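What follows is a single structure, written as structure tokens, with notes after it.
No lab work stands behind these numbers, since they all come straight from the coordinates. Computed from a predicted structure; not experimentally measured. Here the Cβ positions follow ideal geometry from the backbone for every residue, glycine too, while neighbour counts run over all protein chains shown.
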């Protein structure tokens, strides 16, 4: 079922691997033409433009964009007790992990009387986007809100698309997750119009204060709006279709590998599933297990389209060492290691959004209850970017404090470098204080 890419007998370099390995095509640049008029309309007409876009794209025009508090409260009151218990545990574990990410200010004495302090300051206000397409993602509420709160963000708002089946409000499970986290500001808006509303703010009956940063996954239209409005707002990333890569040897359980590939293919027909292995026998066993399991799973049509698409592959290699080169070049959003001495192999991974070590650490654990964050870089961006964390909501500010003696100690060097760069006024800012250095 899954296309096969045979790299045995070869040791391709990074350039060839980047050109050869399968990847979901996401033409954000082309989508910009479609989202630009939507974002411009929101900037000009505000809430009416958002409501018009919701009616057009979501098939519903909510009674108001901001979700009333009583609707949020009712959602948590009516939440299935088992789902509430699972969300509570997800929140608890996420808080444990993310609490250890909080940064402490550091002060460095450069010279007697001269210090530089790095002060970590949270973003003032954040817009958190929670998708609402093929599936319901209360887990994304947890992954966005928990690190923002632990970073000390003073003001945050959640946006999720209005649902025709729920009176024009976001899905009640998403609203319930917001309630469990103490989030009171929730907006029924999705797509590019939600990102634009966060960036520009809304005036009138429903006042939405602009945000400084927008985080959270979304479809190509959300990604395009983020790219378009980057600069006016900060963004976490341009999220593409989800990815799973599995590095496995002959010791791997083919049923576990097949189940994990299918678990991510379930998200989207464009989701990517890649198995890298030095065992042809394992590859055959995984293919057989996939065929059987796809026929039995609920979203079989969606899964089949993902696994048979050009973005998915079984990659055959000569050794796990070569396999490591392959997965490091691929830089997957999620990478599972199913090998002998999996921890040692995982320690050699340089590029991945998150690494899941051994047969008892499936990606779905990280999606919900591992304590890690599931908002991760896609499309190879894990080679240079990180997933969402407390750090995503903090800014480092250098605070420089020098005494007169400390400035005198280094002032001549400042003047010299200013002259070397033909910026004499820079040096004059020093000699105005210390004329003898002129």
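Quick look at the numbers
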{"read-out": "Mean Cβ neighbour count within 10 Å, used as a protection proxy, ranking 293-299, 327-333 highest first", "value": "327-333, 293-299"}
{"read-out": "The stretch 17-69 versus the stretch 212-248: alpha-carbon centroid distance in Å", "value": "13"}
{"read-out": "Sites residue 155 and residue 384 - FRET efficiency at Förster radius 22 Å, r taken between beta-carbons, to 0.05", "value": "0.15"}
{"read-out": "Selected from 326, 42, 205 as most flexible by GNM, with the chain as the system and alpha-carbon contacts under 10 Å", "value": "205"}
{"read-out": "Relative contact order (%) - criterion: Cα under 8 Å, at least six apart; region: the stretch 163-261", "value": "18"}
{"read-out": "Virtual spin-label span in nm between residue 410 and residue 56, 7 Å along Cα→Cβ", "value": "5.5"}
{"read-out": "Whole-number percent relative contact order across the chain, with pairs defined as alpha carbons under 8 Å at least 6 apart", "value": "22"}
{"read-out": "Separation between Cα centres of the stretch 314-371 and the stretch 116-192, rounded to whole Å", "value": "29"}
{"read-out": "Among 345, 415, 142, residue whose mean-square fluctuation peaks in a GNM of the chain (springs only between Cα atoms under 10 Å)", "value": "415"}
{"read-out": "Once the Cα gyration tensor of the stretch 215-327 is diagonalised, semi-axes √(5λ) in Å", "value": "31, 18, 9"}
{"read-out": "Order of 236, 100 - criterion: other Cβ atoms within 10 Å of each residue's Cβ, fewest first", "value": "100, 236"}
{"read-out": "Over the chain: helical MRE at 222 nm, DSSP H runs n ≥ 4 each giving -39500 (n - 2.57), nearest 500", "value": "-13500 deg cm²/dmol"}
{"read-out": "Segment residue 40-residue 16, extension gain: residue separation times 0.36 nm, minus the distance between their alpha carbons", "value": "4.6 nm"}
{"read-out": "Max mean-square fluctuation residue, GNM over the chain, Cα-Cα springs under 10 Å, options 423, 150, 228", "value": "423"}
